[in-house]
Every structure is written in C-alpha cells, then in structure tokens.
1. Among what's in segment 55-75 and is in a loop (DSSP other than H, G, I, E, B) and in contact with a Ser or Thr (Cβ under 8 Å, 6 or more places away or on another chain), pick the residue that is nearest to residue 5 (Cα to Cα).
2. Please determine, by comparing only the residues of segment 431-454 that are open to solvent by 30 Å² or more (accessible area, probe 1.4 Å) and in contact with a helix residue (DSSP H, G or I) (Cβ under 6 Å, 6 or more places away or on another chain), which one is nearest to residue 504 (Cα to Cα).
3. Based on what the data block shows, is residue 209 touching a strand residue (DSSP E or B) at 6+ places or on another chain (Cβ under 8 Å) and either modelled with pLDDT under 90 or open to solvent by 50 Å² or more (accessible area, probe 1.4 Å) (or both)?
4. Looking at segment 303-319, which of its residues are surrounded by fewer than 22 Cβ atoms within 10 Å (Cβ to Cβ), in a loop (DSSP other than H, G, I, E, B) and of a type outside the set (Gly, Ala, Ser)?
5. Those residues that are open to solvent by 30 Å² or more (accessible area, probe 1.4 Å) and touching a helix residue (DSSP H, G or I) at 6+ places or on another chain (Cβ under 8 Å), I need them from segment 335-346; list them, please.
6. Checking residue 462 against (1) closer than 23 Å to residue 291 by Cα; (2) modelled with pLDDT under 95; (3) hydroxyl-bearing (Ser, Thr, Tyr): exactly one of these is not met. Which one?
Amino acid sequence: ADMLAGNGTSSGGKRIVHEWTFYEMTAPNRLPNGAWRGLGWDMRSGSSNRPLNMSPRAFGHGGFTGTAFWFDPATKLFVLVLSNRVYPDGKGEVNVLAGEVGEIAVHSITDLADDADEYTRIVRREKESLEKIGGADKVKSGLDVVASLSTLSLPLSSQDLKVKRFGLITNHTAVTLGGKSIVQVFKEIPDVKLTAIFSPEHGFTGQFDQKNIRDSTDADSGIPVYSLYDGNVRRPTAAMMDNVDVFVFDIQDVGTRFYTYISTMLYVMEAAAMSSAASEPKEFIVLDRPNPIRGDIVEGVMLQAGKELFVGCSRLPIRHGLTAGELALLFNAQRRLRLNVSVIPCLGWERDMDYDVTTLRWIAPSPNMRSVDAAFLYPGIGLLEFTNISVGRGTDKPFEQIGATWIDAERLVEALKKKADAAQVEGVSFAACKFKPESSVYAGEECNGVSFKIENRKALRSVRLGIVLATTLHELYPKQWETKNLNTLLLDEKTQRLILDNATATEIEAAWQKDLERFMKIREQVLIY
C-alpha cells in the first residue's frame, strides 16, 4: 500500500516496480465481460467487497479464504481485511462485511475534503454516474464515458493531474451522444489544462478535401490547432509537442488500412515516444469508438514489408477489424514505443455490430465518406481510385459506384456478375449506371459504370469485391484501364502481379492466407471487446 501511494515508489524513496509496470497495473483499460479492470486488479466489476464510497479510480481484489484489499488513489486510503472465512467448513461469507468495513473507513476520514458532506456528495455523484453508464442499453464512446464521469479515469493523483498539459488529436467526429464536442468535455473536467489540438487529413472541422491545410486556432476555446496535413508535415514537430504531457486521440476511423487517421495516430505516438526518451514518459490515451464496418471480419492482403506510407502506415490487412484503441495497443507493442498507452473503451459495443445499430450518430469522417454503406464498400472500391476510373467522388454516392468514359456499363455488369458468382461474392448486387462527377476524376464528363447496393453487410467481403472488380476491368479493358498506380493503396507487388497475370480472385485470396493467419494470432493479443 505504501508503494501504491507512491506510484510505484516507497515512502523511503525506493522504487519497487517500474513506472510503466505501475501504470499497466492501475490503468482501467481492460473490459473483460463488461467489467473494468486494471492488469489483474478489480476496479468496477460489481464485487461486494469493494467499498462503494471509494472513488471510481479505486482498485483492489478479494481472496478465496476471506481476504480483501482496496486502495483509492484519489485519497491514498487503503483498506485491508483479513479473515479465515473457510474455517471450519468452507462455507463462510465475508465479502459484504469487507465492503462495509471499507465504507466505515472512508467515512471516518473527514480531513480529505474541506467539507465531509460535500465529499460524500461527490462520491455519491460519481457512483450514480457509474451506475448510469453501466445500466444504459446505448452504445457509448470513450468520450461519452469520460463525459459521464466528469473525470479522467487514470492512475494520476489530483496533484499530478493539475500539472499535466493535454493535447487532443481529434476532429469534428469527436462528439458525445448529446452532441458535445471533445473540446467542450475536456474544458469542463477539473484540473485538465488543454494546450494544443492536432488535426488530421481534412482538418479539425473535417470539411477540407485538399493537400495543404494550415495551422489555425479553435474559435471557441482559443487553443492552437496544429495541422498534421500541411504540405509534407505529417508528424508533430518538437515545438508542437513542447507544451503537451498527455496526448488524447479521439477520431472516428472506418476500419480500412489506407484511411489515414490511423497513420496520424501512429505518427503522433512515435513522435511522443521519441520526445519521452529525453524526458518524463508521455501519456497516450485513446477514447475509443466502434469500428463502423464490424470488428469480427478481417480480410485482404497484408501490407508488404518495406512499403509503409502515410496511406499504409503499418503491416495490416486492408480490413483489419480493430478499433483505434486496439490499434494503438498493437502499434505500441510492435514498434516497441514504450509509451504509457491507455484505452478508455466504448461501452455496449460488440464486434458483430454494424455502426447504425449502435445509436451513435453517423458523422461523415471525411467529405466523401457519407454513409455507413460507403464505409463498408470502401476497402474494396477505394483500392482502385488511383487508377483511371471514378469511384464516385464528386457525386452524391462516393464509393457506392464506379465508372469511366470508356466503360460499357451493361457489358461490365454482366461480366462482373459471372466473376462474382465464381468468387462467392455475397451480400451485394450490381446495376448499370451513369453519372457525371462535379469534381475529381472525369469532372464534368459523363461516366458509364456500376452501382453497388449492399444486401447483407455480414456476408459482404468488400476486399474480395474489389479484387473481382479489378480482374474484370483488366480482362475487359486491358488497354483502356491504366494500372500503373494500382499498387498505391494495395501496397503488395505480388497481388498486383497476380491481377495483371489474370489470376482469379480465389487464387489471389489464397496467396494471402498464411500472412493473414499470422496476423490473426497477433491481433488476438490486443482485442478489448
């Protein structure tokens, strides 16, 4: 208990456990069976030996023979109960008693707040907030959890929190169920000092579809917004990070490897790790959100080693089936960043949920990601957009249709249906279409092509669809379809060769399987949900 009160160091100044070990022990970033835990420690599982009037950051554990230990970082109070409840017949019960003893201990300490009654009201409010979170049937994002608790559930004492400077990696998607922005939420948390905002591609407001987005200032808070999509700037500079101790990431991802928000997250993590080497370790917190295209489906080729780019920052399959929080844990381990990574999980989300059954409002993460259906199709349709076809940008249905001036729509649909049947592409139907993009490829020109309608999201394998589409285009239009940039997002030369050598989609997928199986074993280690 003495060591825990010192964040891993005894009152005599001796470090008992490494500071990173202590952090992992006491960070509430594990949620097995819907109950928050640290590394081993019980936190909010509903155990009756937990004193109810301890703060939400308290942790402890009970023992089989009749022991219980609880420690509250908010007050540095610990309660230890030792009994032999199994004597003499193994039928004794002590959990409720241990919890009551702890409650008496907390009530007896009146000098921990200026007013004991006010302290009791604060504790009661925190307890009611926890019960409200756990009892609701709505899916809540990590930001909703923080907003409901009105505090940061981290193993930092109040004194530590006061000196921490927070930087948000975020954009317009970081809002609560009630529509409150992350900046508003953090401005209302006591002792939290916001000093910087870092914005990804498309900017802080998510409205820009251009290469250069300049630094700015948040009009409501006056906090500087550093653009990580300004010319060649993709990583925060030392000057940008100089006044940040804790980084908080909250951006809605779409579950596809080449969507760049996860690249921004990794780049900030790497920069924070480098700056930590010469100073106190930086904290990196992810306020998690659901993977909108489900977390139980993984498909596509692994990124080829050595091909890492901003549009493919790490060795992942095209559709990875992970949340941003799980990816942060994976990046931290694989890159050996040694950051203090904590994930505030979203509550109520299951891996087999589509986004629009979560009650969370769909906010287009980028200007052309306008619907959940578009996000489901994106891993396959988006693969082709650096070739000379339109993927619907500049229309009202981006990523839900493709076309070009040189395509015969009826012929393509007929050939696509045959190849799709052979490759067992399910959950989607095809129809010939015409459209005239207002911008991007073929702006102002009439395109003939194919529209895609999702019939069954669970059955849809969108990467397989994209490969079938690529092989069909190459077969029908070997001269018109320009494939020199096909590997821009695919990022695997072997798969590109197979497509150009007229391999079937089934043969192409078979070539991925060994790497995918290895990835699935690694992925299993970071799953939160």
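1. Here is the first cut: in segment 55-75, the ones in a loop (DSSP other than H, G, I, E, B) are 55-58, 64-66, 73-75.
After this cut, where a residue has to be in contact with a Ser or Thr (Cβ under 8 Å, 6 or more places away or on another chain) as well, the list is 55-57, 65-66, 73-75.
On the way: 55: 15, 56: 16, 57: 13, 65: 26, 66: 24, 73: 7, 74: 10, 75: 9 Å.
Filtering segment 55-75 for residues that are in a loop (DSSP other than H, G, I, E, B) and in contact with a Ser or Thr (Cβ under 8 Å, 6 or more places away or on another chain), the one nearest to residue 5 (Cα to Cα) comes out as 73.
2. Looking at the filtered set, the residue picked out is 432.
3. It is false that residue 209 is touching a strand residue (DSSP E or B) at 6+ places or on another chain (Cβ under 8 Å) and either modelled with pLDDT under 90 or open to solvent by 50 Å² or more (accessible area, probe 1.4 Å) (or both).
4. The answer is 304, 307, 308, 310, 311, 315.
5. Once the filter is applied, which keeps residues that are open to solvent by 30 Å² or more (accessible area, probe 1.4 Å) and touching a helix residue (DSSP H, G or I) at 6+ places or on another chain (Cβ under 8 Å), segment 335-346 yields 335, 338.
6. Evaluating residue 462 over (1) closer than 23 Å to residue 291 by Cα; (2) modelled with pLDDT under 95; (3) hydroxyl-bearing (Ser, Thr, Tyr) leaves (2) as the failure.
Rundown of residues vs (1) among the charged types (D, E, K, R); (2) over 32 Å from the mean Cα position of the chain (by Cα); (3) modelled with pLDDT of 95 or more, yes/no style:
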residue: 418; (1), (2), (3): yes, yes, yes
residue: 428; (1), (2), (3): no, no, yes
residue: 446; (1), (2), (3): yes, yes, yes
residue: 526; (1), (2), (3): no, no, no
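For (1) under 30 Å from residue 37 (Cα atoms); (2) open to solvent by 20 Å² or more (accessible area, probe 1.4 Å); (3) touching a residue at least 12 places away in the same chain (Cβ under 8 Å); (4) part of a loop (DSSP other than H, G, I, E, B), each residue gets a yes or a no:
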residue	(1), (2), (3), (4)
301	no, no, yes, no
321	yes, no, yes, yes
326	yes, no, yes, no
332	yes, yes, yes, no
352	yes, yes, yes, yes
374	no, no, yes, no
388	no, yes, yes, yes
402	no, no, yes, no
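The values are calculated or read from the model by the stated rules, or taken from the named source; none is laboratory data. Just so we're clear, the structure is a prediction, and the values are computed from it rather than from any experiment. All Cβ positions, even for glycine, are placed from backbone atoms using ideal geometry, and neighbour counts span all protein chains on display. The area values use the complete protein model at the heavy-atom level, side chains included, leaving out ligands, DNA and RNA. Shrake-Rupley method; radii C 1.70, N 1.55, O 1.52, S 1.80 Å.
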